[in-house]
Each structure stands twice: as structure tokens, then as C-alpha cells.
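Take this structure, written in C-alpha cells, and hold onto it; I'll ask about it next.
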Amino acid sequence: MISGDTILFALMVVTCVNLARYVTALRKLIYIMREAHPLLYQQVDGGGFFTTHGNVTKQVRLFSYIKSKEYHHHHDPVFTGKCDRVRELFILSVSLLGVTLLAAFLV
């Protein structure tokens, strides 16, 4: 029989891997955004997005842009594809984080 600790450890590994995938996809999106959508790149502080002095309100601007699917009106299919990927990975990562926390309190 599989112990609760093993299940919790497996959930934590899967969650960490998916969070890494999300951050990597977000970095690629910001890199592509520099050429595809320069105005949004400036609005979200693309150069300083992952720095310690990054502006949280500008980061929330990117979150709301992706959440409301404003990117569907963009002309570049690569950019819209990356936005879709970031959105899907964010939803997956948050869901896995919730399940992992729930499992941690139940085990």
C-alpha cells in the first residue's frame, strides 16, 4: 500500500515541475512580447519583470491581460499561442498547488 507521505511527495514534485514550466513559459512570452507587442512590454515592465525591484502593479497588468483574453485580438499567432500556453499553465499550477495543500492538511 502507498503511504500518505509518498503521495504528498509525488504531488509536490509534480507541482514544482509544473511551476517551473509556467515560469519558463512566462519568460518566453515576455521575450516574444518585446517584438510582437512593444507597448504591452513597456506596460508590464518586461525588462524588470523577474527582478527584485519589479513593479507588482505592472505584473498584475499582464495577469489581467491574459485573464481577460485580450490577446485574441492580436495579429501574431506565435504571441497568442504563448499567451494561451501561459494561461493554461497558470490554471494548472494553481490547481495543483491547491490540491497539494489540501493533501498536506489531510495526510
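The values are calculated or read from the model by the stated rules, or taken from the named source; none is laboratory data. The shown structure was predicted, so the numbers you read here are calculated from the model rather than taken from an experiment. Cβ: placed from backbone, ideal geometry, glycine included. Neighbour counts: every protein chain shown. Ligands, DNA and RNA are excluded from the accessible area calculation, which covers all protein heavy atoms including side chains. Shrake-Rupley method; radii C 1.70, N 1.55, O 1.52, S 1.80 Å.
Name, by its number, the condition in (1) farther than 30 Å from Asp5 by Cα; (2) at pLDDT 90 or above that does not hold for Phe105.
(1)
I'm checking my understanding of the structure. Among residues of the range 8-28 that are more than 14 Å from Leu92 (Cα to Cα) and of a type in the set (D, E, K, R), which one is farthest from the chain's Cα centre (by Cα)?
Here the answer is Lys28.
Go through the range 35-59 and report how many residues are open to solvent by 80 Å² or more (accessible area, probe 1.4 Å) and farther than 21 Å from Arg21 by Cβ.
At the first step, the residues of the range 35-59 found to be open to solvent by 80 Å² or more (accessible area, probe 1.4 Å) are 35, 39, 42, 50, 52-53, 56-57.
Filter again for farther than 21 Å from Arg21 by Cβ, leaving 35, 39, 42, 52-53, 56-57.
Counting residues in the range 35-59 that are open to solvent by 80 Å² or more (accessible area, probe 1.4 Å) and farther than 21 Å from Arg21 by Cβ gives 7.
Run down Thr52, Thr100, Thr80 and say which single residue is among the hydroxyl-bearing types (Ser, Thr, Tyr) and modelled with pLDDT under 90.
One residue alone meets the criteria, Thr52.
Can you pull out the residues in the range 67-107 that are surrounded by 16 or more Cβ atoms within 10 Å (Cβ to Cβ) and on the phi > 0 side of the Ramachandran plot?
none
Now a separate question. Looking at the range 1-22, I want the residues that are part of a helix (DSSP H, G or I) and have a partner that is open to solvent by 60 Å² or more (accessible area, probe 1.4 Å) and among the aromatic types (Phe, Trp, Tyr) with Cβ atoms under 7 Å, at least 6 apart or on another chain. Which pairs are those?
Correct list of pairs: Tyr22/Phe90.
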